[in-house]
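A quick write-up on the structure given underneath.
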Amino acid sequence: MLRSALNEVSPAGSFIRSPSTFRNFISKDPNAQFPAVSGRYHLYVSYACPWASRCLAYLKLKGLDKAIGYTAVKTKWERTKVTDEHIGWVFPVSSTEEPGADPDPWNGAKSIRELYELASSSYSGKYTVPVLWDKQLKTIVNNESAEIIRMLNTEFNAIAENADLDLYPSHLQSVIDEVNVWVYDAINNGVYKCGFAKKQGPYDEAVVKLYDALDKCEEILSKQRYICGNELTEADIRLFVTLIRFEIRFDEVYAVHFKCNKKLIREYPKLFNYTKDIYQIPGISSTVNMEHIRKGYYGMFPLNPYGIIPVGPNIDYSASHDREVY
């Protein structure tokens, strides 16, 4: 059976995300199987997907977007082959078909699924983004965003424009790891546990954990500028990509579509300003395509069968915030 995230539900009705499959690493060692060189790798993303967007944010923050190209897929899932019913990420036919999305420039693939099949003829997992592609070996290096951002943070420093930026500094690694665990479980993945739950019990459990974690973030951010202290770290980028959807689309997508409407992010003053603070970091705003986010979530047919895309709210993330005081 061809799978997507919509199939990952237990008999008890809980959403259970399966692990990523391609787990190779790019290394600064020039003799490695996948050496960190300019022009060899390409990143395939969806602006709608928070996991892919965190990788794109790293490309921009580290100044690697000239060394590693990237291509965004179309906003809505479509049939990936005429021979079966699978729906997933697809590329547009031309760069004018949908603003922000482009055809695959290296393999001529029609879908992300085709990239996986090029990399492995026996692959049987999900066809997800991000995909970090090796143009030389014509294979997927890695499709786990948590590992891709670590590679981008350290292994490409010889060619990164912002090599001095370290988003996983040694003195904060234990704190970052601890924060990542509960933020991932309750917030990053928690919204999907709410949205994809098929029974009331799992939904109730997930939504309580979600709002407890948001309350915890609000308390932490009342005392310091960032989630792990007073310097930007990996944990902030991981949290931000969900919050920007929570804030732009949580009120619109997650709050309605994923049934996370107990409290809106705008009702968390510290989290709201924190989201604006990170959005205003040079490079970050270019990774947030609000039209793609809206269409991507509302275009998911099983959750929104009529496919109607709502308007607004139009939040100004360039507005002032109070985060400099910390």
Quiz item: lysines near LYS81 by alpha-carbon distance under 16 Å, same-chain residues fewer than 8 away left out - which ones?
Solution: LYS110, LYS126
Quiz item: For labels at LYS135 and LYS198 in the simple 7 Å Cα→Cβ model, what's the distance in nm?
Solution: 4.2
Quiz prompt | Selection from GLN200, MET151, TYR184 lying farthest towards where the dipole of the stretch 143-213 points positive, charges on Cβ | solution = GLN200
Quiz item: Mind listing the phi-derived Karplus ³J(HN,Hα) values for the stretch 37-43, rounded to whole Hz, using 6.51, -1.76 and 1.60 with θ = phi - 60°, and x for any glycine or proline?
Solution: 10, 6, x, 8, 10, 9, 10
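Sum up the charges of everything whose Cβ sits under 9 Å from the Cβ of PRO269, counting Lys and Arg as +1 and Asp and Glu as -1, but leave PRO269 out.
Values: positive: ARG266, LYS270; negative: GLU218, GLU267, ASP322.
Summing Lys and Arg as +1 and Asp and Glu as -1 gives -1.
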Practice problem: Would you list which lysines come within 28 Å of LYS263, measuring only between C-alpha atoms, while excluding same-chain residues fewer than 8 positions from it? | Solution: LYS76, LYS193, LYS198, LYS199, LYS209, LYS216, LYS223, LYS276, LYS295
Quiz item: With contacts defined as alpha carbon pairs under 8 Å and 6 or more residues apart, what's the relative contact order of the stretch 160-254 in percent?
Solution: 31
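Taking the Cβ of ALA235 as the centre, find all other residues whose Cβ is under 10 Å away and add up their charges (Lys, Arg: +1; Asp, Glu: -1).
Details: positive: ARG238; negative: ASP177, GLU178, GLU234, ASP236.
Every neighbour counted, the sum reads -3.
Computed from the coordinates by the stated procedures, all read-outs in this text should not be read as laboratory data. Because the structure is predicted, anything quoted here is derived from the model rather than measured. Counting neighbours? That spans all protein chains shown, and the Cβs are built from the backbone with ideal geometry, glycine included.
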